[in-house]
Amino acid sequence: MGAYFGVVSKKSCISDVFFGTDYHSHLGTKSGGIAVYDREQGLQRKIHNLGNAPFRTKFEHIFSDMKGTSALGCISDYDPQPLIIRSKLGIYALCMVGVINNSDELVERYLSENGGHFGLSTGSNINLTELTASLIDRKGSFEEGIKFAQEEIDGTACIFILKSDGNVIAARDKLGRLPVLVGKDGNGFCFSFESFAYKKLGYKDFRELGSGEIVEISPDGVEVLSPAREEMRICSFLWTYYGYSTSNYEGQNVEVMRYKNGMLLAENDMKSGKADDIDYVAGVPDSGTPHAIGYANESGIPFARPYIKYTPTWSRSFMPVDQTDRNKIAKMKQVPVTELIKGKKLLFVDDSIVRGTQLRETVDFLRANGAKAVHMRSACPPIMFGCKYLNFSRATSDMELITRRTIFELEGEEGFNHLEEYSDATTERGRKMREAICEKFNFTSLEFQTLDNLVKAIGIEPCKLCTYCWNGRS
């Protein structure tokens, strides 16, 4: 995935950008970076690999190493950034969060038309932030360059530029798939992916950028360079999975949404009699937990934590690059509360079911500790399509999805013509897919949230939500 936090202030901003960026560590594990502007020193930058240590540890020395009143901070799962660029538009620092699906095409066009060049990283990969800069620099101003880049890019691009005068240009992606929020304090402004990050630092809500909106932020105000578009397709997964519980997007709080979502999931089960004879409701930690609390509150079944994650040393199961290592760490983190497992009928709610690899390990672990039954519920509909708009999923093909693999096993490629039926639990195909996944993973039962209920729990207009992962419609 990736995230951003920046400050434009009349006073030193190093402390705020350090803590504000660190508060986005749940959104990226590969690299982190900070670019800072100081009137005397100009632009400075530091980038560190986060593969073996968290952001806070790697950047704790910036208080003595860097100084300035404006800064960009970035957490990334992909390219190291921010970059410092020198072009006809001047010297500036740039970060971009999103995905560029047509990067090869854009690179070939740039090389053939301009005779330019790109630096390559290991594996001959081009830094997509550098590619974004090359698109911006084709125009005569930052505003026109950003609009040109966003039109040329097939995918998503939130773009942030720290100029040589200390101002920041912030641009939300053209369909608003990711949030860009602006906070204000007595000395200036900040921008952030997560709203709680700046509130903890003493900033108050100022405004949220609209789809495709471009603004220039100075210590004295926020100037609109290009107004917001009407159309929006904000990612629904912000609420179900990767958004932090204390944040708000488009006025809707993440934790509150998850309670509502779990309540609606329980309502469905209660109507069909699937919530009977359960001892405890539990969440697959951490993001599944609030959905499970909502389920327990609605159903009246006690909430419990049959196992606890040991997080002091392994805070995130997906830190290692290798899937085998990630699975092993996930298993090592699970510490059972045997008294809540042995002989019990458990119902677990997870935020989503993508590949199912870690769930299989979890269910085997619960069975080995004496669970009598393990019912599984997904807080979102069956994922039928790998995301092509954001980099929050490591899936490289649709066939990595447990739903697609199961459908193929049931009726080959013909099944892909009936994805809507497979998503629906009331159809024969829907029942067969759920039964097959249960058999594969040793679930006692399996059910998914419906798309209608998910949208209801989020609480914004359906036409403003991206639901591509579930129904192929963006």
So Val224 fits all but one of (1) crowded, with 18+ Cβ neighbours inside 10 Å; (2) free of Cβ contacts under 8 Å to residues at least 12 places away in the same chain; (3) among the β-branched types (Val, Ile, Thr); what number is the exception? (1)
Can you tell me which residue in the range 224-280 is nearest to Phe385 (Cα to Cα), limited to those that are assigned to a helix (DSSP H, G or I) and basic (Lys, Arg)? Arg258
Return yes when Glu447 is touching a Lys or Arg at 6+ places or on another chain (Cβ under 9 Å), charged (D, E, K, R), surrounded by 15 or more Cβ atoms within 10 Å (Cβ to Cβ) and farther than 20 Å from Gly386 by Cβ and no when it is not. yes
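Condition check ((1) crowded, with 18+ Cβ neighbours inside 10 Å; (2) closer than 28 Å to Phe237 by Cα; (3) at pLDDT 95 or above; (4) assigned by TED's automatic domain parsing to the domain that holds Leu94) across all residues:
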{"residue": "Gly6", "(1), (2), (3), (4)": "yes, yes, yes, yes"}
{"residue": "Ser9", "(1), (2), (3), (4)": "yes, no, yes, yes"}
{"residue": "Val17", "(1), (2), (3), (4)": "yes, yes, yes, yes"}
{"residue": "His24", "(1), (2), (3), (4)": "yes, yes, yes, yes"}
{"residue": "Thr29", "(1), (2), (3), (4)": "yes, yes, no, yes"}
{"residue": "Asn52", "(1), (2), (3), (4)": "no, yes, no, yes"}
{"residue": "Asp65", "(1), (2), (3), (4)": "no, no, no, yes"}
{"residue": "Tyr78", "(1), (2), (3), (4)": "yes, yes, no, yes"}
{"residue": "Pro82", "(1), (2), (3), (4)": "yes, yes, yes, yes"}
Looking at the range 199-221 only, could you name the residues that are hydrophobic (A, V, I, L, M, F, W, C) and surrounded by fewer than 19 Cβ atoms within 10 Å (Cβ to Cβ)? Phe206
Could you say which residue among Glu414, Glu420, Glu447 is assigned by TED's automatic domain parsing to the domain that holds His291, within 19 Å of Thr362 (Cβ to Cβ) and either modelled with pLDDT of 95 or more or not in a helix (DSSP H, G or I) (or both)? Glu447
Give the range 130-161 a look and list any residue that's of a type in the set (A, V, I, L, M, F, W, C) and free of Cβ contacts under 8 Å to residues at least 24 places away in the same chain, or say none. Phe148, Ala149
Quick one: is Glu113 farther than 26 Å from Tyr37 by Cα and modelled with pLDDT under 95? yes
Give all pairs with beta carbons closer than 6 Å in which a residue from the range 73-101 that is free of Cβ contacts under 8 Å to residues at least 60 places away in the same chain meets a residue that is part of a strand (DSSP E or B) and among the basic types (Lys, Arg); count only pairs at least 6 apart in sequence or on separate chains. Ile84/Arg45
Taking the condition assigned to a helix (DSSP H, G or I), in contact (Cβ under 8 Å) with a residue 60 or more places away in the chain and under 26 Å from the mean Cα position of the chain (by Cα), does Leu390 pass? no
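The values are calculated or read from the model by the stated rules, or taken from the named source; none is laboratory data. Just so it is clear, the structure is predicted and the values come from calculations on it, not from any experiment. Glycine gets a Cβ as well: all are built from the backbone with ideal geometry, and neighbour counts include every protein chain shown.
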